[in-house]
Amino acid sequence: MNFASRKNMPAILRRQHYTVSKCARAFGLLTTWLHASLLFVCAYLLVACTQNPEKPQPQALGEQTVATSPSSNDTLSGLLNAEFTLQREGPSQAFETFYRLASTSSDIRLIERLTRIAIMSQNPFYIERSANLWLSVVPNSEPAFSLKLQILIKNNRAEEAATLLTNALRQQVSLRFLALYLEDNIRDNDQVTTIENAIMALPPETRRDQYVKLSYAHILLLSGEYQAAIDVTNALLSSPDTEKSEALYLILAFSQKNLEKTDKAIQTLQTASSTIPNNIRLLTPLMEFLVADEQPNNAFILYRTAQLNTAEQLQVGINLMSTLIDHHQAELALTTAQHFPKEQLGLSDQVQYLTAIALAQQKKMTDAISIMYRITGPLRANATSQMALWLYDIGKADEINAMVLSRTLRENMPEQVAAIGALHEEKGRADLSYDLSSRALSALPESNALRYHKALLADRLGQWQVTEHELRVLLKKDPDNAQYLNALGYTLLTRTSRLDEAMRYIELAYEKSDDDPAIIDSLGWGFFMKGELERSTYYLKKAWSILPDADIAAHYGESLWKQRHYKEAIVVWEAALTTSPNAPLLLNTIKRLSPSLLEDSK
């Protein structure tokens, strides 16, 4: 099947089943091992001491019971040794010792402990062995089936996965874990394909299981076979023996929506919401579909009448607000925000951000910027970037730098300055980008990133002496940095007559990074400046083959032109013009040497 559309598919099912990473977290891998181990051994001792050695007691696991063998001094001694091995040498070294103890005793507590250790080791072989042992003692253990399924799917063992699923059904274990695992991995093409192959390999009676059909319907949705997904889900919904879960309704609704049957998708979710009321997994897409179907007021009424707790009100409300903004319903988005709970559970940044966006849609830019400025939490950087865009829109670009510097945290300064600097340069205000870098560097003089950015901008503005100074400061701190060496060498090469000094820096950079196309280009251009044209062409051709960049094309073409390889030069320039028609160095080079090429390209 074609899974190209998977990235655009929504999450359908709840994520509650065992995955290796979730299982690891559930078992508390970050707790202190020694403390946990001693508690486990003490608990084992206490239980062992209270058992009647003549009448072994069963060990409960939910509804299941398994026999445990009487404890012995040898067993307890072995357990202590195994725990100390775990602390000293880690889970991989301790696994075999625990495995021997668990397999000998068939004690479910030891098997669960073994499984924790297998997961901590991140060794698929150990995890599978522990799951197998678990199933040998508790043949209807759903967590063990789920854990083993993950190993089989991740290792592309579809036939074995099919056998496992069939065995699970024979043990009257629900296959819901299959559908949940698929949900957790819908963006992993290889795993989805393996799950599909496993389903295809199932015997007919297993394929009739509702969760197998549910998983298959989900795969059909992911692969773009919407009508087939509709047929499968409708059949499941019409069956009296099928669990009418939100997953079924969601797969059906999204399949209908993707076939542009929005009215039917809305009806499906309305039916689902009446069957499973106040379910945010159903309400959220229903509101989105209503807004997309030009029924924003109905979406708002649905939000206002839903009986949700505070967290759900915020989650659904923020999503609705965002959807309304996307559909240019700014006024209704602001009205929605007014009905949010007063307690915003750490989500006030998101609310204020969307409020500001809605105000901007209403052209209330002053109010929008004022609210955006209040955002000081996780969305601080996003808010800063958005305000910079708005200040350009209203002709106040000169206020941007002060705003950025006043609200950016020191640890975020280099990244934020780079982002806003790029905006300035895109808008043709390299002077503002240079000013921002200079002022930020004064506030954060230890930042190499800011200093390097300032150096490059200074060169672009013709202040190459500043560039040389800043690069020498950087090289004092990091004398082996190939990037700094190359930048200084290229600056001296193109801005001064100190050709030999420039080449020394560039050659040092090349020694440290001989596969960097920028450095190779500098080296080639240096040889061109020295009149060594064959060597120049060799390195420039190499740089061009690694990175077909406009500046490299300008240098490479000129080296070829100088050697009267006119046709080859024009081929290089034409290739560069198709991707970078406005590159200044490329255009200037062609204007000097072959201006007719630019006329022809028009």
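The values are calculated or read from the model by the stated rules, or taken from the named source; none is laboratory data. Fair warning: this is a prediction, and the values are worked out from it, not measured in the lab. Note that each Cβ is placed from the backbone with ideal geometry, even for glycine, and that neighbours are counted across all protein chains shown. Surface areas here come from the heavy atoms of the whole protein model, side chains and all, with no ligands, DNA or RNA. Shrake-Rupley method; radii C 1.70, N 1.55, O 1.52, S 1.80 Å.
When the stretch 131-166 is filtered for residues that are among the charged types (D, E, K, R) and either in contact (Cβ under 8 Å) with a residue 24 or more places away in the chain or in contact with a strand residue (DSSP E or B) (Cβ under 9 Å, 6 or more places away or on another chain) (or both), the ones remaining, listed by number, are 142, 154, 157, 159.
Using the structure shown, decide if residue 535 is modelled with pLDDT under 95 and within 20 Å of residue 553 (Cα to Cα). No; evaluated as a whole, the condition is false for this residue. All conditions but one from (1) farther than 20 Å from residue 492 by Cα; (2) in contact with a Gly (Cβ under 6 Å, 6 or more places away or on another chain); (3) aromatic (Phe, Trp, Tyr) apply to residue 539; the one that does not is (1).
Taking every residue in the stretch 221-238 that is at positive phi and pairing it with any residue that is open to solvent by 40 Å² or more (accessible area, probe 1.4 Å) and modelled with pLDDT under 95, at least 6 positions away or on another chain, the pairs with Cβ-Cβ distances below 9 Å are 224/1; 224/2; 224/4. Pairs meeting the criteria (first residue in the stretch 74-97 and closer than 16 Å to residue 110 by Cβ and of a type in the set (D, E, K, R), second residue assigned to a helix (DSSP H, G or I) and modelled with pLDDT under 85, beta carbons under 9 Å, at least 6 apart or on different chains) are 83/33; 83/34; 83/37; 83/38; 83/40; 83/41. For the stretch 235-283, residues that are farther than 24 Å from residue 315 by Cβ, under 30 Å from the mean Cα position of the chain (by Cα) and hydroxyl-bearing (Ser, Thr, Tyr) total 1.
Of the conditions (1) in a loop (DSSP other than H, G, I, E, B); (2) within 30 Å of residue 400 (Cβ to Cβ), residue 383 clears all except one; give me its number. Here residue 383 meets the rest and fails (1). Scanning the stretch 270-284 finds one or more residues that are surrounded by 18 or more Cβ atoms within 10 Å (Cβ to Cβ), over 21 Å from residue 335 (Cβ atoms) and basic (Lys, Arg). Please determine, by comparing only the residues of the stretch 195-227 that are more than 19 Å from residue 254 (Cβ to Cβ) and of a type in the set (Lys, Arg), which one is least open to solvent (accessible area, probe 1.4 Å). Of everything passing the filter in the stretch 195-227, 207 is least open to solvent (accessible area, probe 1.4 Å).
When the residues of the stretch 524-568 are narrowed to those that are among the polar types (S, T, N, Q) and out of contact with any Leu (no Cβ under 7 Å at 6 or more places or on another chain), which ends up least open to solvent (accessible area, probe 1.4 Å)?
Going through the stretch 524-568, the residues among the polar types (S, T, N, Q) turn out to be 536-537, 545, 559, 563.
With out of contact with any Leu (no Cβ under 7 Å at 6 or more places or on another chain) added as a condition, the list becomes 536, 545.
Numbers: 536: 0, 545: 89 Å².
Only one residue tops the list, namely 536.
Of the helices (runs of 4 or more DSSP H) lying entirely inside the stretch 110-194, those containing at least 1 residues that are open to solvent by 10 Å² or more (accessible area, probe 1.4 Å), touching a Cys at 6+ places or on another chain (Cβ under 9 Å) and more than 24 Å from residue 80 (Cα to Cα) are 142-154.
Yes/no matrix, rows are residues, columns are (1) in contact with a helix residue (DSSP H, G or I) (Cβ under 6 Å, 6 or more places away or on another chain); (2) modelled with pLDDT of 95 or more; (3) within 30 Å of residue 226 (Cα to Cα):
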position	(1), (2), (3)
253	yes, yes, yes
260	no, yes, yes
264	yes, yes, yes
270	no, yes, yes
314	no, yes, no
354	yes, yes, no
